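Take a look at the structure below.
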Amino acid sequence: MDFRKRSRKSVQVEEKEREFKRRASSGDEEMLKDQREKEELEQRLRERDAARTRKLAEPKAIQRKSNAAEENKDIRALREVSRQKYLKKREEQKLQELRDDIEDEHYLFEGVKRSDVEYRDFMHKKDIYNVLAKKELENGGHEYRIPEAYDDQQAGVNQEKRFSVARQRYNDPNAEKEEAWEEHQIRKATLKFGSKDKRQVCDDYQFVFEDQIDLIKASVMDGVKFDYEKEVALEKSRAKRSALDAIREERKKLPVYAVRDKFLQAVHDHQVLVIVGETGSGKTTQIPQYLHEAGYTKHGKMIACTQPRRVAAMSVAARVSQEMGVKLGHEVGYSIRFEDCTSKKTIVKYMTDGMLLREFLAQPELDSYSVVMVDEAHERTLSTDILFGLLKDVARARPDLKLLISSATLDAEKFINFFDHAQKFEIPGRPYPVEIHFTEKAEANYFDAAIVTTLQIHTTQPPGDILLFLTGQEEIETAEEHLKLRVGALGTKIAELIICPIYANLPTEIQAKIFEPTPKGARKVVLATNIAETSLTIDGIKYVIDPGFCKMKSYNPRTGMESLLVTPISKASAMQRAGRSGRTGPGKCFRLYTSYSFQNDMEDNTTPEIQRTNLANVVLTLISLGIEIEKLFQFEFMDPPPLDALKNAVELLCNLGALNGHVKLTKVGRRMAEFPLDPMLSKMIIASEKYKCSDEIISIAAMLSVGGSIFYSPKNKKVHADNARMNFHTGNVGDHIAHLNVYNSWKESNYSRQWCYENYIQVRSMKRAKDIRDQLVGLLERIEIELTSNSNDLDAIKKSITSGFFPNTAKLQKYGTYQMVKRLQTGHIHPSSGLAEVFPRLVLYHELVLTTKEYLRQVTEIKPEWLLEIAPNFYNPKDVEDLSSKKMPRGSGLAGKSAGAGTS
């Protein structure tokens with residue numbers, strides 16, 4: 001019996017081992033299949049990128065055939081086709097000329113006696129035209145002709161009826177007001193003689209604003225040997241020289257020119273150089289030219305210079321090509337996403353940080369570059385910090401590669417220590433002086449103060465354009481509306497004010513308009529985010545208004561909350577902003593905060609983005625670049641992020657399916673890396689392919705990306721606004737479906753502005769959501785997901801949302817609070833939610849925000865079994881048990897409230 005029991009046990013053990021091996025082998029096969037599909041997807045993405053990228057400088061190569069006889073045959077066939085097209089166009093042209101001649105002769109010589117020769121010639125032309133016209137009609141040629149009888153008196157046209165509409169206003173006794181207005185307009189348009197720039201004779205009043213800002217001149221940032229009289233003389237003589245001579249003269253005046261030889265010697269002697277120089281010293285434009293002149297572009301090598309933003313890369317490349325006297329895209333070019341303005345001749349290449357990161361995929365050691373210059377390093381963007389670690393490894397592997405780290409306001413010692421005791425090189429001085437002004441007292445509202453200061457400068461200061469820094473797109477658009485309103489109220493009493501916004505979401509063509517010259521007699525004000533802090537030189541800027549704030553990402557790893565907050569800028573950013581006014585001439589910087597705040601309240605440098613953001617995107621980016629997980633935790637960051645945050649990011653990506661069991665990038669992860677969104681939103685969109693509802697999901701993702709600024713509630717119409725908002729929540733469908741209902745209703749109204757006004761919805765936010773959705777449609781096509789609709793199945797839409805946001809779930813507790821299913825964190829449903837008074841038992845939320853309380857925003861009710869179905873590795877049955885039988889808290893919900901109201 002014991003033998004039989006042991007044999008049975010051994011058989012069971014062997015069966016379990018075989019089952020385990022079978023499952024392991026099948027798991028390995030699935031993993032290998034997934035890796036093959038990922039590699040095939042990457043290959044298709046590279047081919048699609050190559051096809052979509054615009055080659056602005058290099059024409060498409062013509063593939064020549066090896067057989068000369070076939071080539072000549074094709075050319076002869078093309079010539080034959082071209083000849084036939086030409087003859088057809090020629091025939092149409094001659095027929096048109098013949099018809100015009102006949103009509104002219106008929107009109108000019110009707111009733112005039114002509115000679116026999118002239119008459120025969122005229123009839124001959126008519127015969128030819130009739131024959132050709134008949135032939136064209138037979139061949140199917142048709143064209144529209146204006147009816148000839150419209151003005152023909154003999155055709156019976158009622159001319160009195162025709163002109164009655166034009167005479168009606170003169171017969172109307174109430175038309176005196178219109179005539180008076182027309183006379184006023186005619187007087188305004190009356191021709192005036194004399195000089196156009198002659199000062200108009202009027203009373204010399206000074207504009208006084210009720211909310212005028214009092215400013216104090218605190219200091220002057222000196223320029224290099226600036227002489228005002230000499231500068232005026234140079235301006236007069238500049239007009240007599242050619243454009244190229246003027247540019248050469250400008251280059252010699254830059255502070256970097258004085259240390260050119262020392263700089264080239266330092267580059268020759270050291271592999272890594274940390275360059276510190278004032279704003280406007282010429283680092284970005286001149287250093288690559290000096291390196292080219294010194295021979296660093298020989299043997300087919302290039303010089304790369306990175307910029308944090310695409311506008312800076314484009315504008316600097318255009319300026320350098322002008323200085324070198326070459327066409328943009330030939331010797332000097334730029335490369336930004338989906339736009340490549342380079343060619344085989346390119347030797348100086350400007351690009352964004354992200355484009356250089358992409359080049360690491362094809363060239364791990366950047367073999368085609370002899371020098372890499374990372375400009376504006378003080379900004380410490382996410383891409384820049386990743387670049388630092390990669391470039392440090394490349395510099396160790398390639399001793400011939402020169403690495404330059406450049407910025408105006410740089411903590412040089414930190415960079416020197418990070419890059420293995422690199423050499424520091426300083427560029428002294430700035431080209432022009434800048435006056436610094438502070439306010440006498442702290443301003444309660446920096447936005448209103450900025451608007452008033454702009455108008456004060458426009459009405460009181462000498463000519464020169466204004467650069468106003470604001471925190472984001474919404475503020476810029478609001479400021480544009482306020483300025484237009486106030487300038488319009490002042491009318492022709494002040495000079496024209498041209499308002500030019502610039503922010504990252506603007507199309508490239510509109511962003512480029514800020515570089516257009518300002519018309520004479522007008523002033524330009526550029527409303528910009530911190531995009532204009534970098535090496536973006538706008539000619540004519542003499543006045544900078546600095547409110548002292550910017551939008552900064554902040555992330556709380558404990559709660560998993562990420563938000564974009566308006567925070568005070570650092571001293572480094574303040575100095576960078578002030579330097580924008582001293583690029584092309586003497587300037588002034590008006591800081592809308594006190595000198596005490598600058599000295600005591602502001603940080604010295606901005607906190608690196610990598611330490612204040614969700615690291616899920618960082619990890620996904622590094623792994624998509626080919627960095628293995630073991631190297632990821634040993635990656636040399638200049639300011640390392642918290643290790644726990646890094647582990648949490650890897651764990652989240654594994655749970656979302658972006659990484660497999662061996663922490664390798666899966667096909668799902670490769671698709672997620674293509675979206676410029678949070679990984680949870682990206683996974684939600686990819687999961688919509690399974691549930692056949694991608695059309696609805698990208699609409700929800702676009703509305704969520706806009707933020708909580710969809711609805712607005714005027715104080716005097718709060719009840720109406722709340723009722724309009726709740727109409728989209730009919731049936732307690734949840735906030736995500738309500739957003740979908742809003743977008744679909746707006747679409748059905750043909751994107752009507754009036755519909756938005758009637759439903760208390762912000763038009764600007766809806767337009768932005770439409771733009772985001774259009775971009776997501778293109779990305780879906782790129783990653784090979786079909787756009788499908790399933791609007792009637794709300795459960796399928798909610799399951800897609802749950803696939804991305806299953807870590808963000810909360811279950812109902814006593815007294816109407818909610819506790820996170822996987823974290824010891826409590827919160828309340830936000831009052832603006834459609835489920836705020838419904839109290840579902842289990843909810844999924846988009847984000848957790850902290851205002852007066854901890855609130856769950858964008859909430860949707862889900863079923864407990866969905867969590868076990870979608871994320872079985874993340875949830876176990878104990879996490880969601882008893883949720884279906886949990887009772888509502890006493891006194892909560894609509895029934896409890898109505899009962900309470902009845903008893904009171």
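Val81 fulfils the conditions (1) out of contact with any helix residue (DSSP H, G or I) (no Cβ under 6 Å at 6 or more places or on another chain); (2) at pLDDT below 80 except for a single criterion, (2). Restricting Ile545, Ile538 to those that are modelled with pLDDT of 80 or more and touching a strand residue (DSSP E or B) at 6+ places or on another chain (Cβ under 7 Å) reduces the list to Ile545.
Residue under question is Gly325, and the condition is that it be in contact with a strand residue (DSSP E or B) (Cβ under 7 Å, 6 or more places away or on another chain) and at positive phi; does it hold? So Gly325 fails the test.
Only one entry of Thr284, Thr306 meets the criterion of being among the hydroxyl-bearing types (Ser, Thr, Tyr) and in a helix (DSSP H, G or I), and that entry is Thr284.
Rundown of residues vs (1) within 28 Å of Pro568 (Cβ to Cβ); (2) touching a residue at least 12 places away in the same chain (Cβ under 8 Å); (3) of a type in the set (Asp, Glu); (4) not in a helix (DSSP H, G or I), yes/no style:
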| residue | (1), (2), (3), (4) |
| --- | --- |
| Ile436 | yes, yes, no, yes |
| Ala449 | yes, yes, no, no |
| Gln456 | yes, yes, no, no |
| Leu467 | yes, yes, no, yes |
| Thr478 | yes, yes, no, no |
| Glu481 | yes, no, yes, no |
| Gly488 | no, no, no, no |
| Gly491 | no, no, no, no |
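Within this structure, Ile531 passes the test of being modelled with pLDDT under 80, surrounded by fewer than 19 Cβ atoms within 10 Å (Cβ to Cβ) and either out of contact with any Pro (no Cβ under 8 Å at 6 or more places or on another chain) or part of a strand (DSSP E or B) (or both). Of all the listed residues (Ile797, Ile737, Ile801), the sole one being within 29 Å of Glu854 (Cβ to Cβ), in contact with an Asp or Glu (Cβ under 7 Å, 6 or more places away or on another chain) and modelled with pLDDT of 90 or more is Ile797. For the structure I just gave you, tell me whether His330 is farther than 24 Å from Ile538 by Cβ and either modelled with pLDDT under 85 or in contact with a Phe, Trp or Tyr (Cβ under 7 Å, 6 or more places away or on another chain) (or both). For His330, the condition - farther than 24 Å from Ile538 by Cβ and either modelled with pLDDT under 85 or in contact with a Phe, Trp or Tyr (Cβ under 7 Å, 6 or more places away or on another chain) (or both) - is not met. Looking at Glu481, Glu413, Glu474, just one residue is surrounded by fewer than 20 Cβ atoms within 10 Å (Cβ to Cβ), of a type in the set (D, E, K, R), assigned by TED's automatic domain parsing to the domain that holds Val394 and over 20 Å from Lys542 (Cα atoms), and that residue is Glu413. Checked across the range 831-844, the condition of being more than 27 Å from Ile761 (Cα to Cα) and either over 28 Å from the mean Cα position of the chain (by Cα) or in the same structural domain as Met726 (by TED's automatic domain parsing) (or both) holds for at least one residue.
Scanning the range 287-303 for residues that are crowded, with 20+ Cβ neighbours inside 10 Å and in a helix (DSSP H, G or I) yields Ile287, Pro288, Leu291, His292.
Residue-wise test of (1) in contact (Cβ under 8 Å) with a residue 40 or more places away in the chain; (2) part of a loop (DSSP other than H, G, I, E, B); (3) buried (at least 18 other Cβ atoms within 10 Å of the Cβ).
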residue: Ile785; (1), (2), (3): yes, yes, no
residue: Ser791; (1), (2), (3): yes, yes, no
residue: Lys798; (1), (2), (3): yes, no, yes
residue: Leu844; (1), (2), (3): yes, no, yes
residue: Leu848; (1), (2), (3): yes, no, yes
residue: Trp866; (1), (2), (3): yes, no, yes
residue: Asp879; (1), (2), (3): yes, no, no
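In a residue-by-residue description of the range 818-829, the property of being in contact with a His (Cβ under 8 Å, 6 or more places away or on another chain) and surrounded by 17 or more Cβ atoms within 10 Å (Cβ to Cβ) applies to at least one position.
The range 673-741 holds no helices (runs of 4 or more DSSP H) entirely within its bounds that carry 1 or more residues that are free of Cβ contacts under 8 Å to residues at least 60 places away in the same chain and crowded, with 22+ Cβ neighbours inside 10 Å.
Return the residues of the range 832-856 that are touching a Phe, Trp or Tyr at 6+ places or on another chain (Cβ under 8 Å) and within 21 Å of Asn723 (Cβ to Cβ); say none if nothing qualifies. Across the range 832-856, the qualifying residues are Ser832, Gly834.
For Ala246, are the conditions met, namely being in a helix (DSSP H, G or I), modelled with pLDDT of 85 or more and either out of contact with any His (no Cβ under 8 Å at 6 or more places or on another chain) or buried (at least 18 other Cβ atoms within 10 Å of the Cβ) (or both)? No, not satisfied.
The values are calculated or read from the model by the stated rules, or taken from the named source; none is laboratory data. Source: prediction; values computed, not measured. Note that we place each Cβ from the backbone using ideal geometry, even for glycine, and neighbour counts take in every protein chain shown.
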